[in-house]
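Read the structure below first, then the notes.
The values are calculated or read from the model by the stated rules, or taken from the named source; none is laboratory data. Note that the structure is a prediction, hence the values are computed from the model and not measured. Heads up, the Cβs are rebuilt from the backbone with ideal geometry, glycines too, and the neighbour counts pull from every protein chain shown.
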Amino acid sequence: MEASKKQKKKLVKKLLHKYRLLIINEDTYEERLSIRLTRLNVYVILGLSAIILIGLTTMLIAYTPLKEYIPGYTSNNVKKEAIELIYKADSLERIIQRNNIYYASVQQALKGKVSIDSIDIKSPVDSLSAEIEIERLNMKPSKVDSLLREKVAQEDKYNVFDVAVAETNVKLFPPLKGEITNTYNIAEKHFAVDVAAEENTPIKAVADGTVIFSGWTTETGFVLILEHLDGLISVYKHNASLAKEQGDFVKTGEVIASVGSTGDFSTGPHLHFELWSNGYPLNPTDFIEFN
């Protein structure tokens with residue numbers, strides 16, 4: 001016990017023992033500076049200096065651009081750009097999903113599985129999110145509306161396709177030249193012409209337009225659909241390959257695909273070609289000379 005007290009006193013004495021720090025001119029031995037110090041003073045000064053140095057370094061790194069030079073640190077600009085890209089990617093993903101649903105509906109309609117009238121061609125994106133409470137609507141038609149509906153029904157009964165043909169008075173570029181092996185037949189619901197040709201023969205666009213579908217279906221193989229002006233749509237099925245992607249703009253006579261025999265419904269190398277105007281099928285031979 002006594003020994004430990006002596007050691008403590010000895011330690012305190014060492015810490016408090018005074019020293020003098022002298023700075024002397026070596027040539028003249030003139031005293032320039034004299035400081036009285038103890039070991040405790042030195043330890044305290046060194047400790048405070050280290051704390052101040054660490055604090056200043058931390059503040060310098062935290063509040064100045066120097067932190068961007070630290071390995072592994074991501075700059076604010078990079079973070080901002082990454083966040084913007086995430087938002088853009090999310091928005092584009094939603095738009096693509098909605099457009100895919102719309103184009104799938106168009107595809108089903110062209111196969112005859114869905115009524116074309118149920119597709120909102122003018123606003124495919126908005127129509128997907130619209131929710132209508134039918135029970136709140138007044139569905140009782142007016143007298144004028146009833147007469148108009150009756151008139152339209154009579155027209156639809158006798159000359160639906162004739163009206164569509166009359167409204168589409170254009171001549172189109174032939175997608176290819178060849179022999180028609182299966183003609184347009186409303187009674188059999190074959191709203192197309194099948195044109196036989198050698199495999200890999202180039203298929204061309206009948207008019208300027210935009211590719212609204214470019215992909216594969218089990219029944220009809222590689223399919224490409226073009227949307228033209230005035231509600232005109234041209235459809236090319238059973239292709240061996242496709243030269244255009246969805247969203248591409250094509251010019252009249254531009255190669256868009258090649259003849260093939262893809263899909264379960266194909267009977268050999270040929271082009272299954274359809275024309276639609278505002279939701280109604282047209283006889284392609286009324287507008288195109290295939291021979």
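At-a-glance table
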{"item": "Neighbours by Cβ (under 7 Å, 6+ apart or cross-chain): first from the range 1-21, in a helix (DSSP H, G or I); second surrounded by 10 or more Cβ atoms within 10 Å (Cβ to Cβ)", "result": "Lys14/Arg39; Leu15/Thr38; Leu15/Arg39; Leu15/Leu40; Leu16/Thr38; Leu16/Leu40"}
{"item": "Every pair of residues 6+ apart whose Cβ atoms lie under 7 Å, when the first sits in the range 177-195 and is touching a residue at least 60 places away in the same chain (Cβ under 8 Å) while the second is in a loop (DSSP other than H, G, I, E, B) and β-branched (Val, Ile, Thr)", "result": "Val193/Thr183"}
{"item": "Some residue of the range 160-170 being surrounded by fewer than 18 Cβ atoms within 10 Å (Cβ to Cβ), touching a strand residue (DSSP E or B) at 6+ places or on another chain (Cβ under 9 Å), modelled with pLDDT under 95 and not in a helix (DSSP H, G or I)", "result": "yes"}
{"item": "Residue in the range 229-241 that is modelled with pLDDT of 95 or more, crowded, with 17+ Cβ neighbours inside 10 Å and more than 12 Å from Phe273 (Cα to Cα) present", "result": "yes"}
{"item": "Val114 vs. criteria modelled with pLDDT under 85, of a type in the set (Val, Ile, Thr) and over 30 Å from Glu188 (Cα atoms)", "result": "no"}
{"item": "Residues that are out of contact with any His (no Cβ under 9 Å at 6 or more places or on another chain) and either of a type in the set (Asp, Glu) or at positive phi (or both), drawn from the range 185-195", "result": "Glu188, Lys189"}
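Conditions (1) more than 43 Å from the chain's Cα centre (by Cα); (2) modelled with pLDDT of 85 or more; (3) in the same structural domain as Glu227 (by TED's automatic domain parsing), marked per residue:
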| residue | (1), (2), (3) |
| --- | --- |
| Gln7 | yes, no, no |
| Leu21 | yes, no, no |
| Glu26 | yes, no, no |
| Ala50 | yes, yes, no |
| Gly55 | yes, yes, no |
| Lys80 | no, no, no |
| Ile86 | no, yes, no |
| Glu93 | no, yes, no |
| Gln108 | no, no, no |
